[in-house]
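Enquirer: Next up is a structure, given as structure tokens.
The values are calculated or read from the model by the stated rules, or taken from the named source; none is laboratory data. Just so we're clear, the structure is a prediction, and the values are computed from it rather than from any experiment. Please note: Cβ atoms are built from the backbone with ideal geometry, for glycine as well, and neighbour counts cover all protein chains shown.
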Amino acid sequence: MQASLKASADGLWFGKDLSQPEPIPQVGIDRAVELMRIGRLHRYGETGGGAPEPSLLEQEYAAYIGAKYCVAMSSCGATMFVALKTLGVKSGDKVLTSTFTLAPVPGAIAHAGADPILVETTADFTTDLEDLAHKVATSGAKVFLISHMRGHITDMQAVRTLCDAHGVAVVEDCAHTMGAKWNGRFSGTWGKIGCFSTQTYKHINSGEGGLLVTDDEDVCAQAILFSGSYMLYGQHTSAPSHDVFERWRYQTPNFSMRMSNHAAAILRPQLLDMPRRAAIWNALYATLASQLQGLPNLVVPARDLREEFVASSIQFTLHLSESEILSFLAGCDARGLHIKWFGRDEPQGFTSNYTHWHYLRHTQNLPNSLSLMAGLCDMRIALSMTEEDCALVGRIVRAALAGI
């Protein structure tokens, strides 16, 4: 009650829904309605109907990112699970992965029957390369599923050098880095496989969906069969030759994880709009960062100049006690600004940290990550935000800090 009275007294109120996406482009709506009218919502057609929408999306996304192949699936979690299966991950295997990530990433590893081995995260929210070097050499893992969590990209040249030296394949979770690059090269093309999200809260929006990219023809053929192509894989235009499918079609299960015609239809026009969206997000990020930098006990990490990110959110670290952070969050909430915190004792909404994943089979000592999560805060950036909104966020954060 006291925080609400204070908010009323200082007149600060944000109230904008930061999770509100932009409308679907009209051409996507029109195509979706057309599909509903004719009823062709399934991902494949037995006769006629032309190329299915997922096949067209795959062709367009592969060209956009500069990959040989793309496979559209029902979620990013599905693409990560399938990526692991194409690399031969089986029950009881160990898979290296990022400590700073969201639950679908270790979930994909668990889905494959494997055991996540977590790699430390640094204060700038990227992979600790020293810990990675130790674990690629000692863990016995043959895959590193790296999460570019909230768009923070690790030095991917260094990651590849470490992993290649030990025969460890790199799979990139690019749920937050669609359109982003490291040192001029698209995120998702540094590893053997890249996995992208088309969930509503990501860079393009089909409600739920995922895109797997690779240059490896055997990975692609398996992914198409795993995703649920039956024997209709010939309808994929972003795909290897029939001979490659012959190697895999009798031994690859169908997991029914393919993207629908409907979802792909509303995504295709959004892909063309990515450059505009990226420019808006990054301009807003820069303004928000300038508002937050220099505030007491709050750190916005510097970004590496080689990192060409697409900032649909912003993160900062609070060097405060748990009770002080809770007071800060309450002060922001009372002013209509909702900020997530990764240090909570219990998961909340989409937000959790590795201490909440009790299904992990191995006790893991991650003191640096534990310390980082204790103060890690996260805020979405809505494309509808203005510079005035960013300035208001700055004033609210300052007021909430002052009220601790």
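Enquirer: Contact list please: Cβ distance under 8 Å, first residue in the stretch 304-331 and outside the structural domain of Ser19 (by TED's automatic domain parsing) and buried (at least 20 other Cβ atoms within 10 Å of the Cβ), second residue in a helix (DSSP H, G or I) and modelled with pLDDT of 95 or more, pairs at least six apart or on different chains.
Expert: Within 8 Å, no pair qualifies.
Enquirer: Does Leu102 meet the test of being in the same structural domain as Cys163 (by TED's automatic domain parsing), closer than 19 Å to Ser352 by Cβ, outside any strand (DSSP E or B) and touching a residue at least 40 places away in the same chain (Cβ under 8 Å)?
Expert: Considered against the rule, which asks whether it is in the same structural domain as Cys163 (by TED's automatic domain parsing), closer than 19 Å to Ser352 by Cβ, outside any strand (DSSP E or B) and touching a residue at least 40 places away in the same chain (Cβ under 8 Å), Leu102 comes out as yes.
Condition check ((1) under 27 Å from Ala32 (Cβ atoms); (2) in the same structural domain as Lys142 (by TED's automatic domain parsing); (3) free of Cβ contacts under 8 Å to residues at least 24 places away in the same chain; (4) within 16 Å of the chain's Cα centre (by Cα)) across all residues:
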residue	(1), (2), (3), (4)
Ile193	no, yes, no, yes
Tyr201	yes, yes, no, yes
Gly209	yes, yes, no, yes
Asp215	no, yes, no, no
Ser227	yes, yes, no, no
Tyr230	yes, yes, no, no
Tyr233	yes, yes, yes, no
Thr237	yes, yes, no, no
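Enquirer: Out of the stretch 212-230, which residues are in contact with a His (Cβ under 8 Å, 6 or more places away or on another chain) and among the aliphatic types (A, V, I, L, M)?
Expert: Ile224 - this is the single residue of the stretch 212-230 that is in contact with a His (Cβ under 8 Å, 6 or more places away or on another chain) and among the aliphatic types (A, V, I, L, M).
Enquirer: Determine whether Arg276 is charged (D, E, K, R), crowded, with 20+ Cβ neighbours inside 10 Å and under 20 Å from the mean Cα position of the chain (by Cα).
Expert: Considered against the rule, which asks whether it is charged (D, E, K, R), crowded, with 20+ Cβ neighbours inside 10 Å and under 20 Å from the mean Cα position of the chain (by Cα), Arg276 comes out as no.
Enquirer: Now for a different question. Would you check if Ala67 is assigned to a helix (DSSP H, G or I) and either crowded, with 19+ Cβ neighbours inside 10 Å or modelled with pLDDT of 95 or more (or both)?
Expert: For Ala67, the condition - assigned to a helix (DSSP H, G or I) and either crowded, with 19+ Cβ neighbours inside 10 Å or modelled with pLDDT of 95 or more (or both) - is not met.
Enquirer: Do any helices (runs of 4 or more DSSP H) entirely within the stretch 292-404 hold 2 or more residues that are over 30 Å from Ser139 (Cβ atoms), and if so, which?
Expert: 322-333, 387-402
Enquirer: Next up: Just to check your reading of the model, which residue among Asp115, Asp93 is farther than 25 Å from Val244 by Cα, among the acidic types (Asp, Glu) and either free of Cβ contacts under 8 Å to residues at least 60 places away in the same chain or crowded, with 21+ Cβ neighbours inside 10 Å (or both)?
Expert: When all the criteria are applied, what remains is Asp93.
Enquirer: Now for a separate question. In the stretch 252-260, is there at least one residue being part of a helix (DSSP H, G or I) and either free of Cβ contacts under 8 Å to residues at least 12 places away in the same chain or buried (at least 19 other Cβ atoms within 10 Å of the Cβ) (or both)?
Expert: no
Enquirer: For the stretch 225-241, give me each residue that is within 18 Å of Glu46 (Cα to Cα) and surrounded by 11 or more Cβ atoms within 10 Å (Cβ to Cβ).
Expert: Of everything in the stretch 225-241, those that are within 18 Å of Glu46 (Cα to Cα) and surrounded by 11 or more Cβ atoms within 10 Å (Cβ to Cβ) turn out to be Leu225, Ser227, Gly228, Ser229, Tyr230, Leu232, Tyr233, Gly234, Gln235, His236, Thr237.
Enquirer: Which of the residues that make up the stretch 204-234 are over 22 Å from Ala63 (Cβ atoms) and in contact with a Gly (Cβ under 6 Å, 6 or more places away or on another chain)?
Expert: none
Enquirer: Looking at the stretch 172-212, which of the residues that are in a strand (DSSP E or B) and touching a Phe, Trp or Tyr at 6+ places or on another chain (Cβ under 7 Å) is surrounded by the fewest Cβ atoms within 10 Å (Cβ to Cβ)?
Expert: Going through the qualifying residues, I end up with Trp182.
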